[in-house]
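Participant: Here's a structure for you.
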Amino acid sequence: QYCASGSQDRTVVVRRLDTLRPSAVLAGHRRAVWDAVFFGSDKKKLASSSSDKTIKIWSIKSGTCLFTLDGHEATVLAVRAVGRQLVSAAADGVLKIWTPETRSCDCTVAADSVDDASKIWALAIREEDPFLLLAADADGRLETFVDATRDDDLEAKVQRDHVIAQEQTLRDALK
């Protein structure tokens, strides 16, 4: 078991929970590191967010940077793991959803409540059903994001069932 902390010295320190002694120092960001989170089924990878506007993906075993996710236009203040994906929040109020396996940004969303003077400082995630993402800004406001995938899938199923029923009615009428 490990914990990780980011630092103004541009590093991430990974520590063993039982001793709190450093087991690795991850260096590679060009500016301060704001957040770090373990992810993956075995928690052997770490994502770190930085003032250099990037998210770096690290191997805990080797202590090396595997790759960098670019795409934010402001300091990346927070990063969280959600299943096989990562959610990042930047100082300009932009949230991004990433799939590290493909090194791609799947979605970009601007938080509605965030104005020019307010940054998203924290992210909280509830992975249970229904999935919920909370983004907190400097003024203490919360922006709530709910996964609408299930609702969209249900609506698509209802539409497909309706089309099938209409086709069956038409076939029955033509017999």
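Participant: Pull out a ≥ b ≥ c, the square roots of the eigenvalues of the alpha-carbon gyration tensor of segment 1-86, then state rounded if a/c is under 1.5, prolate if not and a/b is larger than b/c, and oblate in the remaining case.
Facilitator: The shape class here is oblate.
Participant: Ok, one more. Using a simple charge model, +1 on the beta-carbon of Lys and Arg, -1 on the beta-carbon of Asp and Glu, nothing else, what dipole does segment 16-82 show about its Cα centre, in debye to the nearest 20?
Facilitator: My answer is approximately 220 debye.
Participant: On to the next question. If packing is taken as the mean number of other Cβ atoms within 10 Å per residue, what is the order of 95-102, 20-27, highest first?
Facilitator: 95-102, 20-27
Participant: I've got another one for you. Using the alpha carbons of segment 1-51, what is the convex hull volume per residue in cubic angstrom, as a whole number?
Facilitator: 63 Å³
Participant: Next question. Distance between Cα centroids, segment 1-55 to segment 56-89: provide it in whole Å.
Facilitator: 10 Å
Participant: Return the calculated 222 nm mean residue ellipticity for the chain, to the nearest 500 deg cm²/dmol, obtained by summing -39500 (n - 2.57) across DSSP H runs with n ≥ 4 and dividing by the residue count.
Facilitator: The per-residue figure over the chain is -5500 deg cm²/dmol.
Participant: Non-local amide H neighbours of Arg10 (under 5 Å, H modeled in plane, Pro and chain starts lacking H): which ones?
Facilitator: Close amide H contacts, sequence-distant or interchain: Val33.
Participant: Still on this structure: When you count, for each residue, the other Cβ atoms within 10 Å and take the mean per peptide, how do 37-44, 73-80 rank with the highest first?
Facilitator: 73-80, 37-44
Participant: Please get the size of the charge dipole for the chain, origin at its Cα centre, with Cβ charges of +1 on Lys and Arg and -1 on Asp and Glu, quoted in debye to the nearest 20.
Facilitator: Value, rounded to 20: 1140 debye.
Participant: Moving to a separate point now. Using the alpha-carbon atoms, what tilt in degrees (0 to 90, nearest 10) does helix 149-174 show relative to the longest principal axis of the chain?
Facilitator: The helix 149-174 is inclined about 20 degrees to the chain.
Participant: Further question: (i) 56, 33, 27; (ii) 78, 39, 27; (iii) 54, 39, 26: which one is Cα extents along the principal axes in Å as calculated from this entry?
Facilitator: Here the calculated entry is (ii).
All of the numbers you see were taken from the coordinates with simple rules; none came from a lab. Small disclaimer: the values here were computed from a predicted structure and weren't measured. Here the Cβ is made from the backbone with ideal geometry for all residues, glycine too, and neighbour counts use every protein chain on show.
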